[in-house]
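What follows is one structure encoded as structure tokens, with my remarks underneath.
Coordinate-derived values only; no laboratory data. Keep in mind that this is a model prediction, so the values were computed, not measured. Cβ placement follows ideal geometry from the backbone for every residue including glycine, while neighbour counts extend to all protein chains displayed.
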Amino acid sequence: MAAAAGSSRVLPALMILTGVFFLLVAPGGVAAGAAAAPPAGLEFRVGGPRGWRVPDDNTSYDWWAMNNRFHVGDHLYFKYANDSVLVVDRLAFDACNASELLAAFADGATKFRLDRPGFFCFISGEAGHCEEGQRLIVRVMVHPALAAAPGPAASAPGAPTTQPGASHGGGGGRPRPSGCSCSNASSGVGTAVAAATGVAIAAAMATVVGLVLMLQ
């Protein structure tokens, strides 16, 4: 009778732990889903500590864009006073045309998400500022973690097709900035998930063995 009671208690425990084990190791399970999650973006402060302003001898938005690498999901942070940020197409950018806008911001602390690959153009809305160099164009690339995923990369409709000049940069080999705010920039996410999965599997198996020994 005691042996039968012990067996009746062991069987449900084994069934539950078998289900947990399946979720951990199944290709479409929790661990696999975590590994496939898109990486969070970085935040770039336009103009550095000086913020969004008419450039002086120590400021160059062309140089700043050339020395940063932007991916889909990153954000540009514009900090300014008595000014604005206008999102325009390439023709309006070249002509400093503030009358044909894609978007406009004047809150003094604009956070703009780069939500597609391609080029984004920004100019100041204050009269004469764009002509004095307060304008920015950035090239946005698909994040390597997403580009490596199976299936063709989708490009957003309406993305600009006109390529900027070499002075605006955009090479894939540019380093990530050391001063940016990184939410999740680690390249070892997959390794960490695999290690955590292995630990969880080992713990589950140890629990099974312990239950069997106690209830015999």
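Length gained on full extension, Glu100 to Asn82, computed as 0.36 nm times the residue gap minus the Cα-Cα distance: 4.4 nm. Which residues among the range 65-89 fall inside the zone where the amide N is under 14 Å from a point 7 Å beyond the Cα of Ala109, along Cα→Cβ? Zone members listed by number: 77-81.
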